[in-house]
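The values are calculated or read from the model by the stated rules, or taken from the named source; none is laboratory data. Quantities reported herein were computed from a predicted structural model and do not represent experimental measurements. We place every Cβ from the backbone using ideal geometry, glycine too, and count neighbours over all the protein chains shown. Heavy atoms of the whole protein, side chains included, go into the accessibility calculation; ligands, DNA and RNA do not. Shrake-Rupley method; radii C 1.70, N 1.55, O 1.52, S 1.80 Å.
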Amino acid sequence: MSCSPEPLMVTPTPFERESLLGFVLRVTEMNGYETPGQILRYAGMCENEARSARLPLDKFAPLLARSPHELESLAYTTDDGNKYGKNFVLMGHNLHAIDLQIKQAKVCPGCVEEDGYIEAFWDLRYAVACPKHGCVPLQCCPGCGKRLTWTRPGMLRCKCGFDLAQATGGKIACETVLGLLEVISRKLYQEPLTSDRLVAAGFPLEALDSMSLRTLLGLVERFGRIAKKGTAAAKLNEMTTLVVAANALSNWPNGLYAFLSEVGGGQNFDENASDFGLRKQFKTFYSSMFKSDLPEEQMGFMRTAFLAFGEHYWKKAALDRKLLRDVADNGKSVVGIYEVAEILGVRPVTVHQMVKEGLIKPVVLRNGKAQRMLFDLAEEMPRRVNEGRSYTVREAGRTLGIPVAVLKSLRKNGAFKVKRLGTKVASFHEYDISDFKTELLDIGASVTKEVADKVEVITLSGVMRMKAGSPDRKAEVIAAVMGGQMPVLGRAGEGLLDIELDRSLVIGFLREDRASETGGRLVVETAKQLGCDATVVPWLIEKGYLDVVEG
């Protein structure tokens, strides 16, 4: 007949946040034993039981004059009482063995000195720093250099006798990482995610607050797994994984967008590849996040952000129905040719013609000879209208006084904005012509006379009549005037093309040699970079403040 061991002299009550093995170590220290093994053997445990993370509480509790039920909150056993397998319980949370590092002792001396015990937080695998003190926990003794174990004489005493209170781990300067550790800690202790640090980090707090600790730890692990594959790293340790996850979850959703572009698959994206769909282009991310054991209802925020990334940021992939399912806002902005044709009220062949005419600009993905065009609905596209007359390009050219070839180039370079479709794709709509005329007539209202007196001027009408310069270059002159890159000196009259320009700048702009004496098109580009008027650039060259490179 076996007898229960006599209770210890000192039988403390466990703290609410205390680790089970930390509690055993504290009891050992308070009763003057050299190692927890002495107490556990005294409790009648065999060697395997004493070394197990799942200590048999029915043997340990009598030493404290308590029932096993009173220590259940500290136990690592599952809810069904299973003492084996890969499932554990920590502070009431069902976790997997991969989430924990129970046997690898870690300690923050500052916390032990302030609180008097070792927190259950340090049983977690990703507890790589103290969110309270911002330091790395001690895992090796500074005195003997050996790894710390639970079989030491005290919470802050190594087996070699070194006082761990005299040592501290390295500091962590990254507030984002400390913020994610605080999220994990608060989730463990079932506290609200309401601190200023978490708000400042920009985490998706509502989503993180509603998910389980198991899901959160699984999410962190998957960010590391994706980064490992994306960067071809041999191994990512817990600290690196936490850094990756913290950066991805901070400044939400921009942090996720950066992660996807850099290591989630985007950095290896090839526009000539056969992966037209967003799921295939980011296969590793999609499989890890949405085809795993992470609960779908808790990952809805991630699916929504991934969809928004593809729609509004990436814009190089099609979004299929499988990706869009269960997403509340499933209005797509990046679509294929058949969908854009339906939206615009035209046939797919008309969409091809619109692309050829430069009316809409798709992202083209190629796979050998095959290609697929994707269209961003966020970009303004011309629509069919019932009002107004359609002009042929010759009629439009006569109306505006612009050569046909120049007018075609203006439409392709976007200076002539096409908002409405005529009867034919090549047609010019009456209202678009009117808008273009209004915009051009409004230019040149104010003139700096001091500058105008120093230069030889030429009107846009004169530019159109010049033999020098291709139609495309002349169209670029008009586009530069409308965009503000080519300085306007005044108006010679009320006509559409009576805008006056610096003749030397125009000639340089029209020359095929981009490195002409006045700099040609480079003058306008240089002025834009310097934030000055383009007429000042030749003076800067003359005075030696800028060098002209021939070639």
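Rounded to whole Hz and in sequence order, give me ³J(HN,Hα) for region 109-119 from the Karplus expression 6.51 cos²θ - 1.76 cosθ + 1.60, θ = phi - 60°, writing x for Gly and Pro.
The phi angles translate into x, x, 5, 5, 5, 7, 9, x, 7, 9, 6 Hz.
With every protein chain left in place and a probe of 1.4 Å, what is the accessible surface of residue 96, to the nearest 10 Å²?
60
Kindly give Rg over Rh for region 373-492, based on alpha-carbon atoms, with the Kirkwood expression for the hydrodynamic radius.
Rg/Rh: 1.01.
Assuming a viscosity of 1.306 mPa s and a temperature of 10 °C, what translational diffusion coefficient in µm² per second does Stokes-Einstein assign to region 66-169, Rh being the Kirkwood radius over Cα pairs?
For the chosen part, D equals 107 µm²/s.
At R0 = 22 Å, how high is the FRET efficiency between residue 174 and residue 238 if r is their beta carbon distance? Nearest 0.05 is fine.
The calculated FRET efficiency here is 0.95.
By how many nm would the segment from residue 413 to residue 69 lengthen if fully extended, with 0.36 nm per residue of separation less the alpha-carbon distance?
Extending this stretch completely gives an extra 116.1 nm.
With every protein chain in place, what's the accessible area of residue 316 (1.4 Å probe, Å², nearest 10)?
Accessible surface of residue 316 is approximately 60 Å².
Could you give the nm distance between label points at residue 350 and residue 384, where each point is 7 Å from its Cα heading toward the beta carbon?
The two pseudo-label positions are separated by 0.4 nm.
Round to the nearest 10 and report in Å² the accessible area of residue 189, as given by a 1.4 Å probe over the protein chains' heavy atoms.
Its accessible surface works out to 30 Å², give or take rounding.
Where in region 41-65 does the label zone of residue 31 land, with the point 7 angstrom along Cα→C-beta and an amide N cut-off under 11 Å?
41-44, 60-65
Using R₀ = 45 Å, calculate the FRET efficiency as 1/(1 + (r/R₀)^6) where r is the Cβ-Cβ separation of residue 405 and residue 313; round to 0.05. Kindly include the intermediate steps, with their values, before the conclusion.
Values: r = 37 Å, r/R0 = 0.83.
Efficiency, rounded to the nearest 0.05: 0.75.
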